[in-house]
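**Q** Pasting a structure below so you can have a look.
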Amino acid sequence: MSVINAQEPLRTLAGKDEERFINRFFVLYKTARMVDKNNKTFTLQSDNFFETLKPLMKKYDSADLKNIAGRYFVNESMVRFDGGGLSSANTIIVEWNSLGVGGVSFASEITKDEMERFFIFMAHIKPNSENLDSLSEKLKENSLPSIQLFSKAIEGIDGALLTEEMRRQLRTQARSTFFKAMSVVQEVVVNTQSDSEINISKTKRVVHSLIDQISQDESSLIELASIRDFDDYTYAHSTNVAVYSLTLGVRLGMDRARLSQLGFAALFHDIGKVKLPSDLISKPDAYDENDWIQMQRHPLLGAKTILRNLKFDMHTARAARGAFEHHINNDFTGYPMLRLDKTETTLFSKIISIVDSFDALTSGRVYLKKSIAPEDVIKKMQYQMKIKFDKFLLKLFNDIIGVYPVGSLVLLTSDEIALVLANNQADKANPYVKIVGDKDGLLESPEWTDLSTEENNHRKIVRKIEPAQHGLDIKDFILEN
Ligand SMILES: [Fe+2]
Ligand SMILES: [Fe+2]
């Protein structure tokens, strides 16, 4: 048993062997917490996990699991992670972090007995009760020679260096997922308009790609959702609502089946608008009273359209309810007005209601016809509009958007201009950014850096800046690599 450093260049995305290894690792870890070594379930899960080691040993000689900067790696590949498994894995990783542990390596000569004793041992260590050295000593005493623990990566410095390459890959992947989702929405809208058949499986598949993406990397899709000037906002809006809803769902620990229904419902939430006159939807001026009466029909039209045009299943049932309820509000002040049966809206509707209002208000394309900065929208929602939304969900959403929302442009004390790429949960004032310009103008090759690290002490955010005031288009920064 020894301690090694978690830092190595990490490049590729993992395949099936790696996914199976990480999934079964956490299942066995959880099982070891609940039962003892002789229990049948433990034996079964231990057999399952031991099997997953074999193909990896062939490829790498050892099987390594690491958590770096919140992401999971098996050997040098980053792993796609199931939404449900992710939340329990994250709990274990938080506990490991409190012990200074960042991962584990199983050498090829490991025996099943040694592996089982390791799981039983680790699963019973209390958070904060040990540090990496004392833990290593204890593992030595327990004679576990084929197992090495990785030290936790120094937060920020190593994470930032390591993730730059990974971030590029993930952003490219996020872009293709996002635009695929937008084109599916467009197809759904066009087919709804002409009452043609809607390809439900295709829609479900794109929701699964969104879930995969968010489970690996929350920020890249949010960055794309923050773009305000897509040519056709209608399609972007539904995609944005799906991205934000799923991000909330993942943070709530929903399993994949629920996430899939939530994403599906989010994509369809405004489908009723397709049945309204198109000049109302694209009207450039503020709505008058008559426009509002028309607009308020879209939730009911949406529910009807879904139930009439799509095959009935759990996805479409929940989507119909989401479409019907997303403007009702927590205090029933919204629409449609429910005069008699004031049943509480569903969790999905509460989520969609929050992220829909956020996207509509920040876009300035819907209803208000005037865009408001994301951080001001969050404030408005928390103070002026708080009774309309679920308090807990709104707080969680506020955490996702952060102090400097992903996709904002900021001025630094170093006189540089940077695009916010990801929030640091532990240090929200100092996000991960891409430096795109300095006082001499735009940079040829932008620098990616983590503002929370010591090397960036001279770079603090002064304020957010409006890209348009400087003749810049935020979309160029987000869409370039
Ligand atoms: Fe709506
Ligand atoms: Fe909407």
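**Q** Calculate, in whole percent, how much of the Cα-Cα pair population of the chain lies beyond 27 Å.
**A** 59
**Q** Also, I was wondering about something else. At what distance in angstrom do the alpha carbon centres of the stretch 345-407 and the stretch 24-52 lie from each other?
**A** The stretch 345-407 and the stretch 24-52 have Cα centres spaced 42 Å from each other.
**Q** Can you run phi through the Karplus equation (6.51, -1.76, 1.60; θ = phi - 60°) for the stretch 464-471 and list ³J(HN,Hα) in whole Hz, with x for Gly and Pro?
**A** After applying 6.51 cos²θ - 1.76 cosθ + 1.60, I find 7, 10, 7, x, 4, 5, 10, x Hz.
**Q** In whole Å, what is the distance between the alpha-carbon centres of the stretch 161-231 and the stretch 249-328?
**A** Taking the Cα centre of each part, the stretch 161-231 and the stretch 249-328 sit 18 Å apart.
**Q** Sticking with this one: Order the peptides 180-191, 318-329 from the highest to the lowest mean number of other Cβ atoms within 10 Å of their residues.
**A** 318-329, 180-191
**Q** Using θ = phi - 60° and the Karplus relation 6.51 cos²θ - 1.76 cosθ + 1.60, list the HN-Hα couplings for the stretch 219-228 in order, rounded to whole Hz, with x at every Gly or Pro.
**A** 6, 4, 6, 5, 4, 5, 5, 7, 5, 9
**Q** Label-point separation (nm) for ASN128 and ASP291, each offset 7 Å from Cα along Cα-to-Cβ?
**A** Roughly 5.5 nm, to one decimal.
**Q** From the alpha carbon gyration tensor of the stretch 3-153, can you work out the equivalent ellipsoid semi-axes (sqrt of 5 times each eigenvalue) and give them in Å, largest to smallest?
**A** 20, 18, 16
**Q** Right, something else. In terms of modelled amide H atoms, which long-range or inter-chain residues lie less than 5 Å from the amide H of VAL436?
**A** ILE417, ALA418, LEU419
**Q** Add +1 for every Lys or Arg and -1 for every Asp or Glu among the other residues with Cβ under 12 Å from the Cβ of HIS124, and state the total.
**A** +2
**Q** Among 471-478, 124-131, 209-216, how do they line up by average Cβ neighbours within 10 Å per residue, starting with the highest?
**A** So the order, starting with the most tightly packed, is 209-216, 471-478, 124-131.
**Q** Run the quick spin-label model on GLU447 and LEU307: label points 7 Å from Cα toward the beta carbon, then report their separation in nm to one decimal.
**A** 6.0
**Q** Can you tell me what share of the DSSP beta bridges in the chain is antiparallel? A percent to the nearest 5 is fine.
**A** Around 90 percent of the beta bridges assigned by DSSP in the chain are antiparallel ones.
**Q** Within 9 Å, Cβ to Cβ, of ALA265, how many net charges do the neighbouring residues add up to if Lys/Arg are +1 and Asp/Glu are -1? Show your work: numbers first, answer last.
**A** Numbers: positive: ARG318, ARG321; negative: none.
Local charge sum for ALA265: +2.
**Q** What does the charge add up to near ASN142, with Lys and Arg as +1, Asp and Glu as -1, over the other residues with Cβ less than 11 Å from its Cβ?
**A** 0
**Q** Can you give the calculated 222 nm mean residue ellipticity of the chain, where each DSSP H run of n ≥ 4 adds -39,500 (n - 2.57) and the sum is split over every residue, rounded to the nearest 500 deg cm²/dmol? Can you show the working numbers first?
**A** Values: 18 runs with 250 residues, N = 481.
When only DSSP H runs of four or more count, the value is -16500 deg cm²/dmol.
**Q** While we're here: Assign unit charges at the C-beta atoms only (+1 for Lys and Arg, -1 for Asp and Glu), then state the dipole size of the stretch 194-240 relative to its Cα centre in Debye, rounded to the nearest 20.
**A** It works out to roughly 200 debye.
**Q** When N is the residue count of the stretch 158-401, what does its C-alpha Rg come to as a fraction of 2.2 N^0.38 Å?
**A** Normalised Rg, Cα atoms only: 0.97.
Every number here is computed from the coordinates shown, using simple stated rules; none is lab data. Remember, predicted model here, so these are calculated numbers, not experimental data. Using ideal geometry, Cβ is built from the backbone for each residue, glycine included, and neighbour counts are taken over all protein chains shown.
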